1. Just round it to a whole percent: the fraction of Cα-Cα distances in the stretch 54-94 exceeding 15 Å.
2. Compute the helix-to-body angle for 165-181: its Cα long axis versus the longest principal axis of the chain, expressed 0 to 90° and rounded to tens.
3. Determine the calculated [θ] at 222 nm for the chain from helices alone, applying -39500 (n - 2.57) to every DSSP H run no shorter than 4 residues and normalising by the residue count; nearest 500 deg cm²/dmol.
4. Just to check, using Stokes-Einstein with a Kirkwood Rh over alpha carbon pairs, what's the diffusion coefficient of the stretch 115-226 at 20 °C and 1.002 mPa s in µm²/s?
5. Could you state the orientation-averaged shadow area of the convex hull built on the Cα atoms of the stretch 321-362, in nm² to one decimal?
6. Given the alpha-carbon gyration tensor of the stretch 187-232, what are the semi-axes of its equivalent ellipsoid in whole angstrom, ordered largest first, with each equal to the square root of 5 times an eigenvalue?
7. Angle between the Cα long axis of helix 202-225 and the longest principal axis of the chain, 0 to 90 degrees, nearest 10?
8. Per residue, what volume in Å³ does the Cα convex hull of the stretch 181-259 take up?
């Protein structure tokens, strides 16, 4: 296939991605798009623009806090400055554009070590993924975080291919920005420094690690040098307590996904580290096997699942007039991705484990980095609610891993088929010789009989 033909196919996939995202964002109706977490982010943006203070408090002047990460509120603050009264529409439009660019970056990332066909397949999965399609419609961190993380991975891959410490520094700085969008991603520079250490030495790995942690370090210094009304640790404690209920049910099944709402010990459980340790230790000691199964088996499966734990289908908040319910093409894409979900995820998980456990350097830096990202990303979210929403920033990388699995399986099958054909041809060439030898023996036997 010619390069121009490949470019057209990639352009079609990206266009489909943008069309699906814009179709959902423009059609789906949210009665209150700035509720719950979204309301926090909008208030942060308003306080940044109007008071220059990072705070979700509606008070005037607002007291500073560090309850949430600063990346996404800064993005919304920029939308407020540029869009004025229509800042929300601008935010939605920019998120749709970032969603399309994420698909393109995922394709370029895959092409670093995959042929065209599996790389295009990975991009198509990202384009059709309902979780990624609906993300731009919500005022939540996932869409922007997914873009920034995928951008960092692409820059990391380019740095590996082209070389240069400045390219690695830029990639690492991008990972630091992703951590400011979602603090759980602070592990990324640490984990990706490992393959660099093995392939490029200690100096490259150390420089990559230091640059990647600089944004998080700067944010931490800010939080320790001023008086804060709320700290990020408060949300971490609450999140861990909310995710500790086996099956995400306390007593009433109707409160599935929100068991902490009926737990009488939740005020103690989710308000301090001491309370968290005390209550969780008591409950684990009362039924250790149930909690072991919950944390080691059930939570990873739930996290890699399809339907959200706290939400409706793939939507974090309920929406009306969803095109997934009334538009045939979008409904078909949803059905297809739902059917393919577990095969795709299992292929991605197999590739992730294989590539991460790379003791003999059989694979390159970029494939191993993707495997490590998937493994440690799963581990990072095990303490909290096992909601597939949290896996969203990793989905483009997971689809690349799926493409890698398909390519590896296909290559293995092709090699085996070629080998079987070669053996068959070799056997067919030897068969006449055997028949001829048998005929000669028969003739000799007849001669002997006549002589007798």
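Please treat every number below as a calculation from the coordinates, not as lab data. Quick caveat: nothing in here was measured; it's all calculated off a predicted structure. Glycine gets a Cβ as well: all are built from the backbone with ideal geometry, and neighbour counts include every protein chain shown.
1. 49 percent
2. Around 50 degrees separate the two axes.
3. Taking each H run of at least 4 residues, the total per residue is -23500 deg cm²/dmol.
4. 140 µm²/s
5. Working: hull surface 16.0 nm².
Taking the Cα atoms of the stretch 321-362, their convex hull projects to 4.0 nm² on average.
6. 30, 10, 5
7. Relative to the chain, helix 202-225 is tipped by roughly 20 degrees.
8. Working: hull volume 10.4 nm³, N = 79.
Spelled out: Cα convex hull of the stretch 181-259, divided by residues, is 132 Å³.
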